[in-house]
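The values are calculated or read from the model by the stated rules, or taken from the named source; none is laboratory data. Since we're looking at a predicted model, the values are computed, not measured. No Cβ is skipped: glycine too gets one built from the backbone with ideal geometry, and neighbour counts run over all protein chains shown. The area values use the complete protein model at the heavy-atom level, side chains included, leaving out ligands, DNA and RNA. Shrake-Rupley method; radii C 1.70, N 1.55, O 1.52, S 1.80 Å.
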Amino acid sequence: MIPLTSRFSEILEQRGVLLHFKRGDLIYGLDDPNDMIYWIKKGRVKLSYLDETGRKLALDIFGEGQLFGELSLTQVDKRELLAEALESTEVVAADRNRLLDQAKRDPRLMFEILNLIGSRSRSVQHKLEDMAFKDLPTRLARVLLHLSDTHGHHTPQGLQIDCRLTHQDLADLIGATRTNVTMMLSMFYSNGLLKKGRYITITDERQLREKGYGHKEQLN
């Protein structure tokens, strides 16, 4: 994640409207007008792609302080993704034209926008590479580690992911069926990599990284 500068956050709050969503609410859907960019003030949002057969692939989960819907700044007319609230969520919605007008007068803001779009493009590319070349246990290990990096904190039991994730949420994130994710999670629990509970806790981060990346990584 590329953190927003305080200047960018300030502009979004000044020029945006605060919206409230409950868990499961759709913030925008396919073919909705692509004219707003969103900044998460509180909560979490899942962004997903829906193919022509209706199968869902979740691209990522975003949390407090992050932007989504940034492709509206490219002047694409219609949304190509779904944005869904994973919990009680507050977002600031800013009109793309007003934001672009501001960026024309502030080159630093334009640079930050381009940097954000480039970063998101690389993230999608890496996900597609994983989908094409990695098996399901590897993809599950990697997505759990990614979520722990972006939405986790350390506890006495291990590294807890602070999102309430269903097996279907994880299946959407790695392009698998819910049944296969349930079986893989059971294997991870049995091997001592994870701990069951309301939230997923990684109890053996080193072993999970070996499973996800195929080699031992130095942990801080």
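Structure above, values below:
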item	result
Leading residue by the ranking (modelled with the highest pLDDT) among those in the stretch 91-119 that are under 16 Å from the mean Cα position of the chain (by Cα) and under 23 Å from VAL17 (Cβ atoms)	VAL91
Test for GLY65: is it without any contact (Cβ under 8 Å) to a residue 60 or more places away in the chain, open to solvent by less than 30 Å² (accessible area, probe 1.4 Å) and of a type outside the set (A, V, I, L, M)	no
Test for GLN157: is it out of contact with any Ser or Thr (no Cβ under 6 Å at 6 or more places or on another chain), farther than 27 Å from ARG7 by Cα and surrounded by fewer than 14 Cβ atoms within 10 Å (Cβ to Cβ)	no
Any hit, the stretch 143-157, residues being in a helix (DSSP H, G or I), aliphatic (A, V, I, L, M) and over 23 Å from TYR213 (Cα atoms)	no
Any pair with Cβ under 7 angstrom, 6 or more apart, that starts in the stretch 187-214 at a residue that is over 12 Å from LEU140 (Cβ atoms) and ends at one that is open to solvent by 60 Å² or more (accessible area, probe 1.4 Å) and not in a loop (DSSP other than H, G, I, E, B)	THR201/LYS195; THR203/LYS195
Pair list, Cβ < 9 Å and 6+ apart or interchain, from the stretch 10-36 residues that are over 30 Å from ASP106 (Cα atoms) and open to solvent by less than 50 Å² (accessible area, probe 1.4 Å) to residues that are hydrophobic (A, V, I, L, M, F, W, C) and part of a loop (DSSP other than H, G, I, E, B)	GLY24/LEU86; GLY29/LEU81
Tally, over the stretch 138-152, of residues that are open to solvent by 40 Å² or more (accessible area, probe 1.4 Å) and more than 17 Å from GLN66 (Cβ to Cβ)	1
Top-ranked residue of the stretch 184-196 - restricted to ones that are surrounded by fewer than 15 Cβ atoms within 10 Å (Cβ to Cβ) and on the phi < 0 side of the Ramachandran plot, ranked as nearest to the chain's Cα centre (by Cα)	LYS196
